[in-house]
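Inspection log for the structure reproduced underneath, given as structure tokens.
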Amino acid sequence: MTMLNFKLLLLWFCTISLSGQQIHLQNVHNRNIISLNGYWKIIIDPYENGFYDYRYQENPNGYFKNKKPASESDLVEYDFDRSDSLYVPRDWNTQNEKLFMYEGTVWYKKSFDLKISEGKRYLINFGAVNYNAVVYVNGDKIGEHTGGFTQFTFEITKYLKGEKNFVVVKVDNKRLREGVPTLNTDWWNYGGITRDVSVIIVPETFVQDYFIQLAENESNTIKGWIKLNGNNTGIPVKLSIPEINLNETLTENDNGIFNFEFNANPKLWDTENPYLYKVKIIGGQDTTTDRIGFRNIETEGSTILLNGKPVFLKGISSHEESPITNGRAATEDDALAVLEVVKELGCNYIRLAHYPHNENIIRAAEKSGILIWSEIPVYWTILWNNSQTYSNAENQLTEMISRDKNRANVIIWSVANETPRSDSRLKFLRGLIDKARALDPTRLISAATELSYDENKMIIDDPLCEILDIIGANEYLGWYGGKPEDAQKISWVSKFNKPLIISEFGGGALYGFHADKNTRWSEEYQENVYINQLIMLDKIPFLQGMSPWILMDFRSPRRPLPGIQDFWNRKGLVSPEGNKKKAFYILEQYYKSKKTWRNNDFGN
Ligand code: GCB
């Protein structure tokens, strides 16, 4: 290689690594931030005219330049300032009729003012953008992100131009065969910047990330690591938890990580006493504080133990839909409205389906003592043999764990939902499970599997269960097959000595439609499904919890039946208007009379 080639290569490498490098940032909302929430200007661009030229080459002067005509004769065929606006954070579908069923590109633009200070660095964080985001600051591309439900952060310091700046994001929610999820789902493909956006101001060296939990299966060892970002190596990090008199100065290992392990005897976080400690981390000029709870979660045979005690998970599944806007849930008010109904139902657990939800619901649930199953959208028919699909899924898993690894209420990472059995699927999911365990050895791994059925027997025999800690199983007896009463004849057999959670069961009902219990879509039919399911489920000795499908009706393009579905999946216990169907009260009564803490009496 000639010297010139080498220099060019080096230059190329530097540009690649400088632009677009993602930072896994912990505890975003508790930092020094400028919120970019509010109205953004938008241009709807189904042909991606602002990105490609007429030869379908990437256009270096696309809409992200926010160009204005320099003279009367200048040709510029777009203008953010004269275009519509959309609110951020929120999906675009429920804000603008033109976008209700839209799948494609929308350009978003926001101006912001910033007093640039010497010795500071500036980051931009997006809570989530569905599905692909290309981000530009002042006309320069700063990075790209794929995956609609996880946060991402880029440094923008060198792209800032004094006080007046603008950010443009190309948001594309086109479904892709090789995507995660793939083309085929049973939920609405809401597009847009669906979670908070902020500019974060940090010192030259800052506390980027940390993992502070009880050591695996121990109640008196706090263990973890802290990571700084910046050139200021050699500076110590201080970790303190004042309430338990923990004040430690840590030193860096060769990989720039501050590892620690201390004896401590914290009050344990649990569903009845969700205690959170104030934790403070100081690294150089940067201080960050968080509230962290300490608890253990493990399994023993077919039992789930929370802090050493068997716990029964009285749960409900929930899509990330807002009871307030009837679109994608985005705000803290949305999260609190969902949690209110969950509590009324008597739950101690939610399955957040089918993708990582907003941090605000996880934090609010943590304060209320509600346990969480969190999952990635590896759903149905992913391309198991495509290496890019795998990397995408692994990246979404990594980002999910990265954000929520300090949340005491998150006890289960789920890697897949109802995926068809095959060797390539097993290899794909094994990779994800190994990754999850390497990133976080303190939580349990699950997936929603499918069952085999043979002469009134439900058989748990999916080979995937071999490598799970908890078996999740979806079944729709009485809805997709058989009559609700058939459930009572069924016995359950498992090939694995592991806990079982029924991750889904249910049936559809239109709120307010009353008929006899054999009439589909009536509240009485759904109620009958629940009654018979609960009788059956109560007899399964290795059952450790359930999350029926689902808390609220949710939008789905797969559900067109006029007058009944109208593009809503009607399996909710609550209608979009917030009305409770009859089955809600059956489950409420069941949960309120069922013990949470058990001494191997299986909860009755
Ligand atoms: C399932 C899927 C869920 C669907 C549900 C249904 O098994 O996991 O995403 O929405 O069934 O309603 O059919």
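The values are calculated or read from the model by the stated rules, or taken from the named source; none is laboratory data. All values reported here derive from a predicted model rather than from experimental measurement. FYI the Cβ positions are ideal-geometry reconstructions off the backbone, even for glycines, and counts take in every protein chain you see.
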Problem - In the range 110-141, the residues that are out of contact with any Asp or Glu (no Cβ under 9 Å at 6 or more places or on another chain), surrounded by fewer than 22 Cβ atoms within 10 Å (Cβ to Cβ), part of a strand (DSSP E or B) and not acidic (Asp, Glu) - result: 110, 111, 112, 141
Completion exercise
Restricted to the range 535-558 and to residues being within 28 Å of the chain's Cα centre (by Cα) and among the charged types (D, E, K, R), the residue surrounded by the most Cβ atoms within 10 Å (Cβ to Cβ) is 553
Handout entry: Meets criteria (over 25 Å from the mean Cα position of the chain (by Cα), among the charged types (D, E, K, R) and more than 16 Å from the ligand (Cβ to nearest atom)) for residue 469
Key = no
Practice task
Determine whether residue 364 is surrounded by 20 or more Cβ atoms within 10 Å (Cβ to Cβ) and either over 22 Å from residue 217 (Cα atoms) or in contact with a Phe, Trp or Tyr (Cβ under 8 Å, 6 or more places away or on another chain) (or both).
Solution key: no
Handout entry: Pairs, first in a loop (DSSP other than H, G, I, E, B) in the range 308-333, second at pLDDT below 95 and of a type in the set (S, T, N, Q), C-beta under 6 Å, six or more apart
Key = 312/596
Handout entry: strands (runs of 3 or more DSSP E) (entirely within the range 156-240) containing at least 2 residues that are under 26 Å from residue 256 (Cβ atoms)
Key = 197-203, 206-214, 221-229
Problem - Verdict on residue 520 being within 23 Å of residue 184 (Cβ to Cβ), surrounded by fewer than 21 Cβ atoms within 10 Å (Cβ to Cβ) and out of contact with any strand residue (DSSP E or B) (no Cβ under 7 Å at 6 or more places or on another chain) - result: no
Problem - Residues satisfying the stated conditions in the range 372-398, i.e. buried (at least 22 other Cβ atoms within 10 Å of the Cβ) and aromatic (Phe, Trp, Tyr) - result: 373, 379
Handout entry: Among (1) polar (S, T, N, Q); (2) out of contact with any Ser or Thr (no Cβ under 8 Å at 6 or more places or on another chain); (3) loosely packed, with under 14 Cβ neighbours inside 10 Å - the single one residue 231 does not satisfy
Key = (2)
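Within the range 484-510, how many residues are aromatic (Phe, Trp, Tyr) and surrounded by 20 or more Cβ atoms within 10 Å (Cβ to Cβ)?
Looking only at that region, the number is 2.
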Practice task
Scan the range 206-221 and give yes if some residue there is surrounded by fewer than 18 Cβ atoms within 10 Å (Cβ to Cβ) and more than 30 Å from residue 299 (Cβ to Cβ), otherwise no.
Solution key: no
Practice task
Could you check, for the range 289-297, whether at least one of its residues is within 16 Å of the ligand (Cβ to nearest atom) and of a type outside the set (Lys, Arg)?
Solution key: no
